[in-house]
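Below is one structure, written out as structure tokens; comments come after it.
Just so it is clear, none of the values below were taken in a lab; they were calculated from the coordinates. Keep in mind it's a predicted model, so treat the numbers as computed, not measured. Positions of Cβ are backbone-derived with ideal geometry, glycine not excepted, and every protein chain shown enters the neighbour counts.
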Amino acid sequence: MEKHEGTRSDLLLSAALDLVSRDATAASQGRVCRRLAVSIHCHLEILAERTDVSALVRDTCALLAEAWRRPLVHEEQAACGPALWALVRRGKLR
């Protein structure tokens, strides 16, 4: 695969799209992965808060993050995984 230049938001959006694709593939095979759903939710939530993306992308990500959060409400660990939030706290993704 070719190496691409891009912003952190581009990277987050690209990762979120890849995760959604993996989730769709798993679902088509009758598998459900809660950790994957949590990761998708977290990527969308982070994108919804970024100021370096358009308002359209932020609003879309906010709506999608809410849709991904709803099925996770009863999960013990519905919050983003520690590794993802560690990157966020260190300023790597925001």
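FRET efficiency for Ser21 and Val57, Cβ-Cβ distance as r, R0 = 22 Å, nearest 0.05?
0.75
Testing the spin-label approximation: label points 7 Å from Cα along Cα→Cβ at Thr7 and Arg35. State their distance in nm.
3.1 nm
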